[in-house]
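Shown below is the structure under consideration.
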Amino acid sequence: MKAIQLLGKEKIRLAEVPIPEIGEGDALLKVKAASICGTDVRMYKNGYKNVSEDNPLILGHEFAGDIVKVGSRVKGLREGMKVSVAPNIGCGHCDHCVNGETHLCEEMTAFGINMPGGFAEYVRIPENAIIQGNVAPLDEEISYQEAALVEPLSCVYNGQKLLGIRPGDDVLVTGMGPIGIMHIMVAKLLGAGKVFANDLSEERVNKAVELFPDVYPIYGDVPAAFEKYGVKGVDVCIIAAPAAIAQAQSLEYMNMNGRLLFFGGLPEDKKIVPINTNLIHYKQLRIQGCTKQSVGEYRLCAKLVNDKRIPLGLIMSDGYPIEDFDKALENAAAAKGLKHVIEF
């Protein structure tokens with residue numbers, strides 16, 4: 001089968017590798033769509049621990065497809081099922097796993113991170129992932145491209161659940177890439193009042209307005225836009241861009257009792273961010289971080305997609321055969337369009 005392997009820093013190859021063998025408790029997935037994530041781009045640009053030409057890694061942790069083979073001990077799955085797969089697999093016995101926070105497990109394994117991922121024609125779904133509930137069945141009318149995007153959607157939902165968005169909250173989303181667009185979708189679903197879309201890129205803000213005509217566009221200068229729109233601040237601010245200055249400035253935009261979400265990480269050389277802690281104190285602010293998603297959150301988001309409550313199809317920019325992975329990765333790294341999906 002064909003697969004995309006990471007060999008080290010800025011080294012990838014399209015390789016021919018054997019179709020995985022499965023055990024009695026495993027299942028074999030024929031991948032139909034796998035989307036490129038910012039994590040894939042960072043792993044390519046920076047390399048990744050224990051990955052080398054002698055120990056390559058098949059990338060891809062946002063993927064969906066059809067079950068084509070199941071082991072004799074597998075329950076709940078059958079050949080021909082359309083599914084998406086949550087990538088993170090906990091150990092199953094630590095306090096986090098027992099509490100349902102499998103994504104916080106210190107012994108976690110993950111497709112495309114430290115085990116073979118979805119940029120391949122077939123993926124073995126191991127028994128522990130099946131037992132944990134990582135495989136989410138999907139309705140036939142849901143496209144494979146939408147199904148592959150359940151993973152980033154569930155990361156977004158995890159962050160917003162921690163924020164506790166309430167009906168009528170005014171929300172500012174900074175960063176109009178695919179994650180920012182998903183944050184708009186989820187905030188609207190949770191009952192947000194005014195939603196402000198902010199980015200330094202006029203093209204990206206315009207795309208957000210095209211998709212959601214009721215959002216309020218902000219082209220970079222937030223205070224000037226707030227004055228224009230007649231608001232003093234927002235109840236919720238989500239930084240969906242790897243920008244230290246955006247994190248620092250966000251405190252100034254908040255109403256009393258405001259909540260901020262720093263979604264995603266910063267580059268290593270910019271991870272220390274000076275902030276005005278008086279604003280946290282006097283405005284009684286709360287700053288929240290988030291990472292990945294639990295299996296429960298993943299399956300809930302799969303249900304929302306099944307129920308057509310979240311239109312993930314809007315986020316896909318282009319589809320590519322696996323032979324054009326280099327082009328897809330280049331476009332993703334250059335922030336061209338929104339989501340770039342490898343289709344099989």
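The values are calculated or read from the model by the stated rules, or taken from the named source; none is laboratory data. What you see is a predicted model; the values in this text were computed from it and never measured. Cβ: placed from backbone, ideal geometry, glycine included. Neighbour counts: every protein chain shown.
Quick one: which helices (runs of 4 or more DSSP H) lie wholly within the range 268-344 and hold at least 2 residues that are touching a His at 6+ places or on another chain (Cβ under 9 Å), of a type in the set (G, A, S) and touching a residue at least 24 places away in the same chain (Cβ under 8 Å)? Lay out the reasoning, then the answer.
On the way: elements: 277-283, 295-306, 325-333.
It comes to 325-333.
Can you tell me which condition I315 does not meet? The list is (1) more than 14 Å from G159 (Cα to Cα); (2) out of contact with any helix residue (DSSP H, G or I) (no Cβ under 6 Å at 6 or more places or on another chain), and all the others hold.
Tallying (1) more than 14 Å from G159 (Cα to Cα); (2) out of contact with any helix residue (DSSP H, G or I) (no Cβ under 6 Å at 6 or more places or on another chain), I315 fails exactly one: (2).
Residue under question is A136, and the condition is that it be hydrophobic (A, V, I, L, M, F, W, C), part of a helix (DSSP H, G or I) and touching a strand residue (DSSP E or B) at 6+ places or on another chain (Cβ under 8 Å); does it hold?
Judged against the criteria, A136 is not a match.
If a residue has to be of a type outside the set (S, T, Y) and within 12 Å of Q145 (Cβ to Cβ) to count, how many in the range 312-344 make the cut? Lay out the reasoning, then the answer.
Step one: of the range 312-344, the residues of a type outside the set (S, T, Y) are 312-316, 318-319, 321-344.
Filter once more, so that each one left must be within 12 Å of Q145 (Cβ to Cβ): 312-316, 318-319, 338-344.
Residues meeting the conditions: 14.
Mind listing whichever residues of the range 167-188 are farther than 21 Å from S35 by Cβ and either assigned to a helix (DSSP H, G or I) or modelled with pLDDT under 95 (or both)?
Taking the range 167-188 as the starting set, the residues that turn out to be farther than 21 Å from S35 by Cβ are 167-172, 174, 187-188.
Across the range 167-188, the qualifying residues are A187, K188.
Would you say E203 is loosely packed, with under 13 Cβ neighbours inside 10 Å and either of a type in the set (D, E) or in a helix (DSSP H, G or I) (or both)? Don't jump to the end; show me each part of the working.
Working: loosely packed, with under 13 Cβ neighbours inside 10 Å: yes; either of a type in the set (D, E) or in a helix (DSSP H, G or I) (or both): yes.
Yes; evaluated as a whole, the condition is true for this residue.
Also, quick follow-up: So Y282 ticks every box in (1) in contact with a helix residue (DSSP H, G or I) (Cβ under 7 Å, 6 or more places away or on another chain); (2) at pLDDT 95 or above but one. Which box is left unticked?
Condition (1) is where Y282 drops out.
Listed here are the residues, each with its yes/no results for (1) among the aromatic types (F, W, Y); (2) surrounded by fewer than 16 Cβ atoms within 10 Å (Cβ to Cβ); (3) part of a loop (DSSP other than H, G, I, E, B); (4) without any contact (Cβ under 8 Å) to a residue 60 or more places away in the chain.
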{"residue": "P18", "(1), (2), (3), (4)": "no, yes, yes, yes"}
{"residue": "G25", "(1), (2), (3), (4)": "no, no, yes, no"}
{"residue": "D40", "(1), (2), (3), (4)": "no, no, no, no"}
{"residue": "V51", "(1), (2), (3), (4)": "no, no, yes, yes"}
{"residue": "N55", "(1), (2), (3), (4)": "no, yes, yes, yes"}
{"residue": "V68", "(1), (2), (3), (4)": "no, yes, no, yes"}
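I need the full set of residues from the range 83-104 which are touching a helix residue (DSSP H, G or I) at 6+ places or on another chain (Cβ under 7 Å) and either crowded, with 20+ Cβ neighbours inside 10 Å or farther than 20 Å from Q293 by Cβ (or both), in order please.
S84, A86, P87, N88, I89, G90, T102
Next question. Restricting to the range 229-246, name every residue that is within 17 Å of R286 (Cβ to Cβ) and surrounded by 21 or more Cβ atoms within 10 Å (Cβ to Cβ).
V234, D235, V236, C237, I238, I239
May I pose another question? In the range 206-238, how many residues are in a loop (DSSP other than H, G, I, E, B), of a type outside the set (F, W, Y) and touching a residue at least 12 places away in the same chain (Cβ under 8 Å)?
So the answer is 6.
Scanning for something out of contact with any Asp or Glu (no Cβ under 7 Å at 6 or more places or on another chain), of a type outside the set (G, A, S) and either outside the structural domain of V51 (by TED's automatic domain parsing) or in a strand (DSSP E or B) (or both), does the range 95-109 turn up at least one residue?
Yes, the range 95-109 has at least one match.
Can I ask one more? Quick one: in the range 245-272, of everything that is of a type in the set (A, V, I, L, M, F, W, C) and more than 18 Å from G159 (Cβ to Cβ), which residue is farthest from the chain's Cα centre (by Cα)?
The residue in question is M256.
V222: under 28 Å from H103 (Cβ atoms) and in contact with a Phe, Trp or Tyr (Cβ under 7 Å, 6 or more places away or on another chain), yes or no?
It is false that V222 is under 28 Å from H103 (Cβ atoms) and in contact with a Phe, Trp or Tyr (Cβ under 7 Å, 6 or more places away or on another chain).
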